[in-house]
Structure formats: C-alpha cells, structure tokens
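The values are calculated or read from the model by the stated rules, or taken from the named source; none is laboratory data. The structure displayed is predicted, hence computed values, not measured ones. The accessibility values were calculated without ligands, DNA or RNA, using every heavy atom of the protein model including side chains. Shrake-Rupley method; radii C 1.70, N 1.55, O 1.52, S 1.80 Å.
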Amino acid sequence: GAGVSQSPSNKVTEKGKDVELRCDPISGHTALYWYRQSLGQGLEFLIYFQGNSAPDKSGLPSDRFSAERTGGSVSTLTIQRTQQEDSAVYLCASSLATPISGNTIYFGEGSWLTVV
Amino acid sequence: GENVEQHPSTLSVQEGDSAVIKCTYSDSASNYFPWYKQELGKGPQLIIDIRSNVGEKKDQRIAVTLNKTAKHFSLHITETQPEDSAVYFCAAIGGTYKYIFGTGTRLKVLA
C-alpha cells in the first residue's frame, strides 16, 4: 500500500476485555515497529520485527501484551485483560531494512485505544 | 542507556518568527538523526533528517544542524506559519535498530 495502515483507528473497550490492533506495513518493508504514545507524551518502544528474525519484545510493558507478524507482513498487537492505563495511541511503523543504515521509519495514523 | 533529551517541551512564537528546537543524545555511535512532525490526531511524519557526515541540511524553511562533538542537533524553522503548529520529535539511531525519540516539543505559532 501507499502507507502504513492501521485498524481500528479508534477503539473503546471495557476494562478486562481483550483487544487486537492491526498493522499493515508499506509493501516491501521488512522491519516493523510498535510504539505506544500516552496522551501528551513521547513515543514508547514496544516491539520490533525484522524479517524472519526473532522479534525484540523488550519494550512490552507486561505479559498482557503480545504481538505477532504473520508472513513477514501484517502484524497484530494483542492486549489481554485491558486496564485503564492501557489507554493510549498505538503507533505502527515500518522501514525498508534496519535503520542502522539510515532507513527512515514511516508511521501509520495510529489506533486510539480507550479503556473504560 | 541510550537517551535523547529535547528542549523546550513547549514553544510559542509569533507568525513569521523563527523557532528552534534542540536535542542532545548520549550514544556516540548514533549516526542518523530524523525529525518528525505530529499533527493532532495523526501519526508522526518525517520532515527532515541528517546523517553524521553532514553538519547542516536545509529544505526550504526547515533546517537541521548537527554538532557531533557536543552530541547536539537542532531543528530550525524560519518564517513560521500557523500550519507549522504541531508536536515535533527528534530521534537518534546508531548502533541498534531502536529509534530513541525525544520527549517532543509542542510548537504553537500565533497568528
């Protein structure tokens, strides 16, 4: 696609329910990131996928959070038993390869999650 | 660990004036420094970037400068316009794939 696509754009869920957020990266991009942005805050790294390598999950805040990337393309971020502090914008980004060489990462519009 | 500090957190300027946002990074291996603009309700968008072998880069009203010795880099916006109002993030990357972002600067251009 032309850009990183995320769905849903907005999600309101009840505390304790599970949610799934989807990311469709730019075609051909092998690297995929998830970031979390709480209201008025910066960008918190969650997880990184690169090709078929094992993902870097070091940013996931708890074991309620998990992510997978099937077929090296679409990724799903799952939050189980949601809590109010999970309310945030979840941003997905992708790049051609590892940014070590300076490949820019491109962000989607984000999924705005509200836990009530 | 790696860290990027960004200042100021908020900045208000009159339309037509210049705005400067500064970032300092800690990882001396960092060699790529992008700047992102985030408008309300949207994802961050790349506006300009600079690599460590360059000291300055300009694109119309936007410029970025880099001082590798001091580990500083700055975003300069000249002739600011109301549509420049947004949150700006700096980032640094070098030895790993993790982008380290600054905490953001909320720029408000007053008409």
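Of B:77, B:47, the residue with the largest accessible area leads and the full order is B:47, B:77 (1.4 Å probe). Counting pairs of Cα atoms in region A:6-49, how many percent are more than 17 Å apart? Every Cα pair in region A:6-49 considered, those over 17 Å come to 49 percent. For the pair A and B, the buried accessible area comes to roughly 1800 Å² in total, with a 1.4 Å probe and the value rounded to the nearest 100.
Percent relative contact order of chain A, based on C-alpha pairs within less than 8 angstrom and at least six residues apart? Mind dumping the intermediate values first?
On the way: 286 pairs, mean separation 42.9, N = 116.
The normalised contact order for chain A reaches 37 percent.
Quotient of the Cα radius of gyration of the protein assembly as shown and 2.2 N^0.38 Å, N being its number of residues: 1.02. Heavy-atom accessible area with a 1.4 Å probe sorts A:34, A:112, largest first, into A:112, A:34.
Rounded to the nearest Å, what's the spacing between the alpha carbon centres of region A:45-103 and region B:1-54? Just the number, please. Centre-to-centre (Cα) distance: 23 Å. Does any residue of region B:80-111 lose at least 50 Å² of accessible area with all protein chains in place compared with its chain alone, and if so which ones (probe 1.4 Å)? Output list: B:97, B:98, B:99, B:101.
How much space per residue, in cubic angstrom, does the convex hull of the C-alpha atoms of chain A take up?
Numbers: hull volume 11.3 nm³, N = 116.
Dividing the Cα hull volume of chain A by its residue count gives 97 Å³.
Within the assembled protein chains, the solvent-accessible surface assigned to residue B:52 is about 40 Å², based on a 1.4 Å probe.
Using a 1.4 Å probe and counting only protein heavy atoms, arrange A:30, A:78 so the residue with the most accessible area comes first. Write out the running numbers ahead of the final one.
Details: A:30 55, A:78 30 Å².
Reading off the accessible areas and sorting them downward yields A:30, A:78.
With all protein chains in place and a 1.4 Å probe, the accessible surface of the protein assembly as shown carries 47 percent carbon and sulfur. On a per residue basis, the protein assembly as shown carries 48 Å² of accessible surface, using protein heavy atoms and a 1.4 Å probe.
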